[in-house]
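The values are calculated or read from the model by the stated rules, or taken from the named source; none is laboratory data. Quantities reported herein were computed from a predicted structural model and do not represent experimental measurements. These area figures cover heavy atoms from the full protein model, side chains too; ligands, DNA and RNA do not enter into them. Shrake-Rupley method; radii C 1.70, N 1.55, O 1.52, S 1.80 Å.
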Amino acid sequence: MSCICTPVTDGRLPSREQFREVPFRDISSGGVSFLLWYEPDFQQLVVELGRGRRVSRLSAEVAWIRRVRD
């Protein structure tokens, strides 16, 4: 499964072109976990879930980082 997300820069909502697809591992009422190929240099992001007319954009904060092996 995948979702699309993008960092929030200077407190402004990102444009549609800034979103990138990332594989996500889990979603729950407590948050979402996903994989990036780099360590994030941002704290806030927008996650977009759904397709077509049934899309939700959620604001989120990076709460935890875990490195995984290649």
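Worth pointing out:
Every residue, every condition in (1) under 13 Å from the mean Cα position of the chain (by Cα); (2) open to solvent by less than 80 Å² (accessible area, probe 1.4 Å), yes or no:
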position: 10; (1), (2): no, no
position: 23; (1), (2): yes, yes
position: 33; (1), (2): yes, yes
position: 47; (1), (2): yes, yes
position: 57; (1), (2): yes, no
position: 60; (1), (2): yes, yes
position: 69; (1), (2): no, no
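- Strands (runs of 3 or more DSSP E) lying entirely in the stretch 25-66 (those with 3 or more residues that are among the polar types (S, T, N, Q)): none
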